[in-house]
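Student: Below you will find the structure I want to go over with you.
The values are calculated or read from the model by the stated rules, or taken from the named source; none is laboratory data. Predicted model, so just to flag it, every value in this text is computed and none were measured. For neighbour counting, all protein chains shown are included, and Cβ atoms are generated from backbone atoms with ideal geometry for every residue, glycine included.
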Amino acid sequence: MSAAADSLAHAVKEQEEGLLNCVHCGFCLPACPTYRRLGDEADSPRGRLHLMRAVVEGRLDPGAEAFQTHIGRCLGCRACEPVCPSGVEYGNLLELARHVGGEARRPSLVTRLLLRVFGTEWLARPAMFAGRAARATGIPALVTRLLAGSAPPRGPRLGLAMLAASGPMRGLHAAPAGSGSPRPGARVRATVGLLTGCVQAGLFSRVNQATARVLEANGYQVVPVEAQGCCGALHAHAGDLEAARAMARRNVEAFEAAGVDYLAMNASGCGAAMAEYGSLLSHDPAMRDRAAAIAGRVRDVSELLAACGPVRGSAVRMKVTWDAPCHLVHAQRVSGPPQAVLDAVPELDVLPLAGATECCGGAGIYGLTHPHLGGWIGGDKVRSVLESGADILVTGNPGCMMQIGAGLRLAGSEVPVLHLVELLDESYRRAGFYAGGTDHGNGSRP
Amino acid sequence: MIPGRLTKELARICGRDHVIVDRDRLLVYESDALTAYRHRPGAVVLPRTTEEVRRTVQAVVRHGLPIVPRGAGTGLSGGAVALNGAVVIGTARMNRILAIDAPNRRAVLQPGVINAELSAAAAVHGLYYAPDPSSQTACTIGGNVAENSGGPHCLKYGVTSRYVTGLTVVLADGSVVKVGGHGREAPGYDLVGLFVGSEGCFGIATEIEVGLLPVPEGVRTLLGIFDRIEDSGRAVSDIISAGLLPAAMEIIDGPTIRAVEDSVFAAGYPTDAEAALVIEFDGLEAGLDHEAERATRFCFRAGAREVRSARDEEERLALWKGRKKAFGAMGRIAPDLLVQDATVPRTTLPAILKGISEIGNRYNLIVANVFHAGDGNLHPNILFDRRDLDELERVEHASKEIMQLCVDAGGTITGEHGVGLDKKHHMPLIYGPDELDTMWGIRRVFDPGAVMNPGKVLPEETEPSPANPRREPAPGELVGAPAPA
């Protein structure tokens with residue numbers, strides 16, 4: 001057995017129950033976006049688990065083409081987990097398999113480069129600045145419009161379109177941003193620290209600000225959390241567990257120091273990763289319990305809002321449809337709270353979306369590493385959004401916002417993509433909740 | 001491995017991406033949902049049309065290789081396992097519903113359509129597809145046709161063969177044959193009836209016409225809780241004897257209850273009970289309450305400690321989810337399981353259940369029972385870990401004894417999972433040489449060259465041939481072709 005196989009064998013030993021739990025029943029097959037499209041069982045959760053077990057049993061080398069291809073082709077959407085009667089923790093096993101696969105064979109340059117940028121602050125900041133600057137020129141939006149409908153969304157075209165799609169919806173922020181301080185008479189319900197994130201802070205600062213405002217309007221006190229950083233989700237998904245663990249340690253310390261009741265998440269990918277810090281750091285005796293304690297306080301912003309109603313705002317007469325991010329609905333099993341938030345917006349017309357819980361093909365950097373399949377899956381999502389008849393797509397994760405937004409733009413559609421809190425924020429703004437206050441910085445207040 | 005020339009030919013027919021020959025990739029096809037049998041296929045081909053299937057069959061047969069059809073690989077008898085480097089023809093990409101003819105209550109579909117998705121598509125017309133195997137969210141109609149699948153509601157509604165009205169079939173010689181169709185009784189021999197349940201040995205169905213039923217007006221679902229499993233068996237027998245006709249009656253035993261309650265499909269079965277009996281009545285609203293009341297009384301009389309009634313559709317679905325996902329949830333108890341499928345006369349249920357429990361105790365094995373009690377169709381799941389060789393041996397012995405127990409009670413070796421690889425050696429337990437000869441004869445009419453799913457259903461040593469002259473072959477009678485390489 002090679003060293004890498006040995007390493008998976010070792011890692012899986014601890015997860016053995018998890019892997020052995022799979023009795024091969026096949027109930028996961030229809031839930032898998034790659035299996036549904038390709039029809040090859042090696043591209044199904046059961047098939048991938050079978051390959052992992054073959055590596056553990058020494059029947060397959062983790063550097064082998066089959067292992068690399070099929071483990072690599074997984075979106076990591078975890079739609080297989082809620083349908084698994086045996087409760088196989090597929091997401092954890094996938095990260096381990098990628099880790100081992102990466103040791104056996106180096107990941108592609110694109111993958112390594114992107115992970116490096118996200119994981120390193122002095123690289124991420126200028127990269128995000130450059131992204132914002134490029135977005136501000138309007139060139140990505142223009143190019144995207146010119147290229148619309150010309151070819152399937154993939155490659156550099158997809159990158160430009162994603163950048164264009166990260167911008168705010170026109171007309172939404174016409175009113176001056178105000179304070180989200182608790183309305184007079186409201187008591188402080190709990191303190192929360194907002195994960196400001198890497199992509200959110202870089203390209204979606206408006207979503208961070210809206211998150212803080214709507215939370216405060218519902219009685220949460222948003223406490224600034226210094227020294228926090230990227231959550232490490234992308235690194236863990238790609239199998240770079242060491243980098244992910246380093247980021248997790250840093251965040252555990254940062255949020256401990258802030259002493260908050262809850263960690264508020266407006267990126268479900270980050271939320272899912274942080275909710276699993278306990279298992280990510282389970283090998284580290286010094287951090288294990290602390291990580292588990294922090295993980296236990298992670299909440300999606302929709303959960304925090306739903307826990308207190310949320311407060312209703314003013315009417316927003318729009319036709320919207322909700323796309324459930326995989327890492328919210330499958331990984332964190334949060335499905336009711338976003339509905340409660342939509343319900344708090346009076347006169348909002350929420351239309352059903354076919355395949356709302358299926359992956360959009362964004363999946364971190366999937367669009368770049370698997371342009372064909374990512375484009376296929378993304379194209380199906382765009383089609384179902386257009387067929388829903390909605391004027392606005394609402395979702396809860398920046399990656400999905402950019403992926404679906406880019407797909408829509410490249411399909412020549414004008415349908416904008418909003419984060420759930422942006423919609424509630426607009427409703428509150430119209431209700432005059434923020435009148436007369438001061439604006440926020442990046443989701444925290446001095 | 002298959003010859004390079006054949007690989008090229010198959011790639012030309014189905015597209016390079018849909019022909020799998022890499023040995024490592026083929027690993028995932030080495031078993032179906034019964035993992036005790038593992039054989040790596042020579043190749044896997046994923047065609048999309050009848051024409052592609054036809055040309056694939058011709059090409060493979062020309063190269064002298066055997067063929068194994070495969071749906072979603074959820075079968076429990078090893079039927080989709082490829083012996084001797086056979087080429088698997090998978091139907092996963094043949095997943096289109098071709099037509100739903102609502103006024104005539106029928107649908108035409110490709111074999112790779114998932115059972116539950118047919119019902120979902122028919123629901124907008126107020127219709128559904130009745131046979132509901134527990135794997136219905138994953139298994140395909142093509143696989144259902146091959147296995148003549150049942151399901152909980154077959155107690156009242158019958159199995160797959162009752163709903164298949166027409167087939168387009170690719171035979172071993174590459175000919176495409178249409179049998180039945182248009183929902184009417186076809187004159188002549190009932191070839192549809194012959195084909196349904198042939199376990200991939202007669203050909204590959206590439207288009208399937210099925211009948212649909214209107215969604216029943218009302219439904220009542222009860223849950224009886226018992227402290228002794230035999231009592232639940234008695235309740236089932238009493239309810240049927242009294243002339244009631246529930247749509248389904250399912251027993252879930254203690255170990256299974258505890259595995260399910262531990263899973264995401266927790267149904268609220270009490271974990272200290274030794275049996276839960278799900279009873280469902282459906283049909284016209286009028287009379288349903290009366291039937292449910294009578295069944296409740298029979299449960300109490302047999303010793304139920306409690307009988308619950310699902311208050312709404314949500315509770316009803318939860319009760320069913322626990323039952324239908326039970327097989328997969330067994331992974332929480334042990335990594336491997338061997339599930340049997342014997343069917344016994346209902347009146348013998350209490351005694352058989354007791355006997356199975358004794359066999360389990362004697363071999364120190366966990367046997368979890370979850371089954372279609374109304375049909376007397378047992379599913380004892382023997383749980384084990386294949387890395388423990390001693391345990392593996394005990395499993396084999398226990399399995400054989402359970403089978404013998406059921407046959408001795410006047411039962412049969414399989415109710416719905418099919419014979420496949422797993423139970424072919426048990427066939428002589430229930431059939432004599434003449435019956436087996438007849439089956440061989442029919443099989444060789446469809447597949448004279450022994451290329452369609454060889455090594456399944458009938459034990460090779462029972463095939464009449466010059467080398468195996470149990471009786472004189474008549475002049476001109478087909479004899480067994482040489483075993484494929």
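Student: Among what's in region B:89-113 and is of a type in the set (A, V, I, L, M, F, W, C) and either more than 13 Å from chain A (Cβ to nearest Cβ) or surrounded by fewer than 23 Cβ atoms within 10 Å (Cβ to Cβ) (or both), pick the residue that is nearest to residue B:144 (Cα to Cα).
Tutor: Taking the candidates together, the pick is B:109.
Student: So, one more: Could you count how many residues in region A:99-122 are away from chain B (no Cβ under 14 Å) and under 20 Å from residue A:273 (Cβ atoms)?
Tutor: Summing the residues that are away from chain B (no Cβ under 14 Å) and under 20 Å from residue A:273 (Cβ atoms) in region A:99-122 gives 14.
Student: Right, something else. Please tell me if residue A:246 is free of Cβ contacts under 8 Å to residues at least 60 places away in the same chain, of a type in the set (A, V, I, L, M) and outside any loop (DSSP other than H, G, I, E, B).
Tutor: yes
Student: Among the residues of region A:32-42, how many are more than 8 Å from every other protein chain (Cβ to nearest Cβ), crowded, with 24+ Cβ neighbours inside 10 Å and part of a helix (DSSP H, G or I)?
Tutor: Qualifying residue count, region A:32-42: 2.
Student: Take region B:317-359 and flag every residue that is within 20 Å of residue B:399 (Cβ to Cβ) and basic (Lys, Arg).
Tutor: Within region B:317-359, B:354 is the sole residue that qualifies.
Student: Continuing with this model, one more query. Give me a count of the residues in region A:48-65 that are in a loop (DSSP other than H, G, I, E, B) and either of a type in the set (Asp, Glu) or at the interface with another protein chain (Cβ under 9 Å from one of its Cβ atoms) (or both).
Tutor: The qualifying residues number 5.
Student: Quick one: which residue in A:214, A:222 is part of a helix (DSSP H, G or I) and of a type in the set (A, V, I, L, M, F, W, C)?
Tutor: A:214
Student: Sticking with this one: Out of all the residues in region B:294-317, is one or more within 14 Å of chain A (Cβ to nearest Cβ), of a type outside the set (S, T, N, Q) and either closer than 17 Å to residue B:369 by Cα or in a strand (DSSP E or B) (or both)?
Tutor: Scanning region B:294-317 turns up no residue that is within 14 Å of chain A (Cβ to nearest Cβ), of a type outside the set (S, T, N, Q) and either closer than 17 Å to residue B:369 by Cα or in a strand (DSSP E or B) (or both).
Student: Can you pull out the residues in region B:176-204 that are out of contact with any Gly (no Cβ under 6 Å at 6 or more places or on another chain) and in contact (Cβ under 8 Å) with a residue 40 or more places away in the chain?
Tutor: Within region B:176-204, B:176, B:183, B:194, B:195, B:196, B:197, B:198, B:200, B:201, B:202, B:203, B:204 qualify.
Student: Just checking, which of B:339, B:264, B:344, B:236 is under 26 Å from residue B:405 (Cα atoms) and within 14 Å of chain A (Cβ to nearest Cβ)?
Tutor: B:339
Student: Across region A:343-366, what is the number of residues that are farther than 18 Å from residue A:78 by Cβ and in a helix (DSSP H, G or I)?
Tutor: Total meeting the criteria: 1.
Student: Looking at region A:70-98, which of its residues are more than 8 Å from chain B (Cβ to nearest Cβ) and more than 20 Å from the chain's Cα centre (by Cα)?
Tutor: A:97
Student: In the set B:370, B:339, which member is touching a residue at least 24 places away in the same chain (Cβ under 8 Å), aliphatic (A, V, I, L, M) and closer than 18 Å to residue B:265 by Cα?
Tutor: The conditions single out B:370.
Student: Return yes when residue B:138 is under 19 Å from residue B:18 (Cβ atoms), within 12 Å of another protein chain (Cβ to nearest Cβ) and in a loop (DSSP other than H, G, I, E, B) and no when it is not.
Tutor: The answer is no for residue B:138.
Student: From the list A:42, A:54, which one is in contact with a strand residue (DSSP E or B) (Cβ under 9 Å, 6 or more places away or on another chain) and closer than 30 Å to residue B:33 by Cα?
Tutor: Matching residue, one of A:42, A:54: A:42.
Student: Another question, then. Mind checking which residues of region B:247-261 are within 14 Å of chain A (Cβ to nearest Cβ) and aliphatic (A, V, I, L, M)?
Tutor: B:252, B:257, B:259, B:260
Student: Here are some residues: A:321, A:357. Which one is surrounded by fewer than 21 Cβ atoms within 10 Å (Cβ to Cβ) and at pLDDT 90 or above?
Tutor: A:357
Student: List the number of the failed condition for residue B:16; all other conditions in (1) within 12 Å of chain A (Cβ to nearest Cβ); (2) free of Cβ contacts under 8 Å to residues at least 60 places away in the same chain; (3) charged (D, E, K, R) hold.
Tutor: Of (1) within 12 Å of chain A (Cβ to nearest Cβ); (2) free of Cβ contacts under 8 Å to residues at least 60 places away in the same chain; (3) charged (D, E, K, R), only one is false for residue B:16: (1).
Student: Counting only residues that are within 14 Å of chain A (Cβ to nearest Cβ) and of a type outside the set (D, E, K, R), how many does region B:367-387 have?
Tutor: 7
Student: Please verify whether residue A:345 is of a type in the set (Val, Ile, Thr) and without any contact (Cβ under 8 Å) to a residue 60 or more places away in the chain, treating the condition exactly as stated.
Tutor: No.
Student: Which count do you get for residues in region A:288-346 that are among the polar types (S, T, N, Q) and closer than 20 Å to residue A:169 by Cβ?
Tutor: 3
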